[in-house]
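What follows is calculated from the coordinates using simple rules that are stated; it is not laboratory data. The shown structure was predicted, so the numbers you read here are calculated from the model rather than taken from an experiment. Methodologically, a virtual Cβ is constructed for each residue, glycine included, from the backbone with ideal geometry; neighbour enumeration extends over all protein chains shown.
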Amino acid sequence: MLETIREQCETCRKCTLWKARTNVVFGRGNEKAKLLFVGEAPGANEDLTGKPFVGAAGKLLDTYLAAVGIGEDAYYIANILKCRPPHNRDPLPEEEDACKPYLDEQIRAIDPKLIVCLGRIAAMRLIKPDFAITREHGRVFTVSARKLLAVFHPAALLRDPRKKEAMLLDFKEIARLLETL
Ligand code: URA
Ligand code: SF4
């Protein structure tokens, strides 16, 4: 099921981002995981490797996962956009609209118990359009009978290390929730 969606993405030209991509960045991890992380869009390292969150932001994310004991087989990770926007600019609404159906199908196939949005862009798409990350990170929302929660984007922590304390608390909460699901 996921393989079929991946194949569709590999040849996708639904928005203009296909033109500059080196690789489609579909997702990685355990396809049966209870936990799904959703980021924004691939960056340079992701475009080159075809894997999400393998650059600096990914390395930082790994430290939080390790700190709360969430192993690699406990989650799947993907992005709203499967192709890299030029110069890592924010996704355009029409690009999100074009690509979101692939994520919806991934969610259906994986059927996670908890979705964690990495950053405001994913939270605005998956939780609510007016999501306020500074105020509402770490809070559990129920959307279409699924639990969702957003944390700061790891790249935001690289810019503002003062957010790191809150990030660790949110990850502790994610690990705790996971035990109950
Ligand atoms: N930032 C994202 O949102 N996604 C990635 O895959 C890498 C960096
Ligand atoms: Fe297709 Fe998504 Fe890539 Fe746009 S970003 S070309 S919709 S796979």
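Between the Cα long axis of helix 93-110 and the first principal axis of the chain there is an angle of about 70°, rounded to the nearest 10.
Figure legend: label point modelled 7 angstrom from the Cα of Ala109 along Cα→Cβ; residues of the range 1-45 with amide N under 11 Å from it are 1-10, 26-28, 31-32. For Thr16 and Thr49, a Förster radius of 22 Å and the Cβ-Cβ distance give a FRET efficiency of 0.50, rounded to the nearest 0.05. Between the helical axis of 164-180 and the longest alpha-carbon principal axis of the chain there is an angle of about 90 degrees. Mean residue ellipticity at 222 nm, helices only, the chain: -13000 deg cm²/dmol; runs of at least 4 DSSP H residues each add -39,500 (n - 2.57), and the sum is divided by the number of residues. Neighbours of Phe53 by Cβ distance under 12 Å: Lys/Arg scored +1, Asp/Glu scored -1, total -1. For the range 102-116, backbone nitrogen atoms closer than 11 Å to the point 7 Å from Met1 Cα along Cα-to-C-beta are found at 105-112.
Qualifying trypsin sites (Lys or Arg not before Pro) in the range 17-56, where qualification requires a DSSP coil assignment and no more than 11 other C-beta atoms within 10 Å, comprise Lys32. Of all beta bridges that DSSP places with both ends in the range 99-181, some 40 percent have antiparallel geometry. Residues His137, His87, His153, ranked from the fewest to the most other C-beta atoms within 10 Å, line up as His87, His137, His153.
Distance between the modelled labels on Thr134 and Ala74, one decimal in nanometres: 3.1 nm (7 Å Cα→Cβ projection).
A DSSP coil position with no more than 15 other Cβ atoms inside 10 Å describes the following trypsin sites (Lys or Arg not before Pro) in the range 50-123: Arg89, Lys113.
Relative to the longest principal axis of the Cα atoms of the chain, the long axis of helix 56-67 lies at roughly 30 degrees.
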